[in-house]
1. I'd like to verify a number: residues in the range 153-178 that are under 19 Å from Gln122 (Cα atoms), modelled with pLDDT under 95 and not in a loop (DSSP other than H, G, I, E, B), how many?
2. Got a number for residues in the range 19-30 being touching a helix residue (DSSP H, G or I) at 6+ places or on another chain (Cβ under 8 Å), open to solvent by 60 Å² or more (accessible area, probe 1.4 Å) and more than 15 Å from Ser52 (Cβ to Cβ)?
3. Restricting attention to the range 1-18, which residues are within 14 Å of the ligand (Cβ to nearest atom) and open to solvent by 60 Å² or more (accessible area, probe 1.4 Å)?
4. Out of curiosity, is Thr147 more than 22 Å from Thr84 (Cα to Cα) and of a type outside the set (Asp, Glu)?
5. Please return the ranges of helices (runs of 4 or more DSSP H) entirely within the range 46-90 where 3 or more residues are at pLDDT 95 or above and under 27 Å from Phe178 (Cα atoms).
6. Evaluate the following for Val182: is it modelled with pLDDT of 95 or more, closer than 20 Å to His135 by Cβ and over 16 Å from the mean Cα position of the chain (by Cα)?
7. Only residues in the range 94-111 that are within 13 Å of the ligand (Cβ to nearest atom) count as the first member; pair them with residues that are in a strand (DSSP E or B) and open to solvent by 70 Å² or more (accessible area, probe 1.4 Å), Cβ under 7 angstrom, at least 6 apart or cross-chain, and list the lot.
8. Can you confirm whether Asp115 is open to solvent by 80 Å² or more (accessible area, probe 1.4 Å), among the acidic types (Asp, Glu) and either over 23 Å from Thr57 (Cβ atoms) or not in a helix (DSSP H, G or I) (or both)?
Amino acid sequence: MNESFESLARDVRACRVCQPHLDHPVRPVLAGRSGAVIRIVGQAPGTRVQASGKPFTDPSGVRLRDWLGVSEAQFYDERLFAITPMGFCFPGLDAKGGDKPPRKECAPLWQDRCDKALSNVQLTLLIGQYAQKWHLKDRAQKTLTETVRRWRDHAPLHIALPHPSWRNNAWLKRNPWFELEVLPVLRERVRMLLRTATMTDF
Ligand code: SF4
């Protein structure tokens with residue numbers, strides 16, 4: 001029998017593997033319960049999430065919820081959404097003030113266990129190249145743009161997305177097909193899954 005996500009989350013929250021490499025306290029941030037139907041695999045918390053201890057409590061979260069067509073209450077309902085980034089802890093800032101990549105120690109330790117503990121998930125959203133390369137393996141293309149553009153290759157179980165950060169505003173402008181073509185499909189799939197989940201489980 002698979003371990004429960006609740007048990008796994010306790011282990012993750014106790015993890016301190018990266019502490020020797022960071023000059024701030026590690027604070028693993030994740031969300032979800034074993035029965036969650038949609039999983040979000042992002043990159044790693046930024047400074048605001050490091051402070052709040054809750055995923056996507058920043059402008060990226062506002063945009064992501066808009067992309068999904070869900071309210072805050074739905075997004076933070078752990079019976080619906082599990083949030084398991086490639087790095088559970090804030091990795092620090094680089095010289096330009098951007099977030100460093102997710103700690104490389106994290107995914108090998110935890111992602112496979114999350115896969116098993118979240119066996120009810122019917123849609124996994126892969127945000128950014130790290131999540132796409134890990135979860136799609138050789139189905140990930142050389143660039144994020146190509147992976148996102150070929151969303152039909154991964155549906156209905158996965159949908160690859162760019163990061164919803166303001167840093168990607170230029171990408172969104174250069175790739176209008178994303179909002180025209182991908183977001184309507186994403187919203188409809190999320191709407192159907194949440195409707196079914198709330199009808200059957202709640
Ligand atoms: S980033 Fe992952 S591996 Fe590193 S301390 Fe946090 S939970 Fe542990």
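The values are calculated or read from the model by the stated rules, or taken from the named source; none is laboratory data. Source: prediction; values computed, not measured. Here the Cβ is made from the backbone with ideal geometry for all residues, glycine too, and neighbour counts use every protein chain on show. We work out accessible area using only protein heavy atoms, side chains counted, and drop any ligands, DNA or RNA first. Shrake-Rupley method; radii C 1.70, N 1.55, O 1.52, S 1.80 Å.
1. So the answer is 0.
2. 0
3. Residues satisfying the conditions are Arg10, Asp11, Arg13, Ala14, Arg16, Val17.
4. In short, no.
5. Helices (runs of 4 or more DSSP H) meeting the threshold: 59-68, 72-75.
6. yes
7. Hits for this filter: Asp99/Leu93; Lys100/Leu93.
8. Considered against the rule, which asks whether it is open to solvent by 80 Å² or more (accessible area, probe 1.4 Å), among the acidic types (Asp, Glu) and either over 23 Å from Thr57 (Cβ atoms) or not in a helix (DSSP H, G or I) (or both), Asp115 comes out as no.
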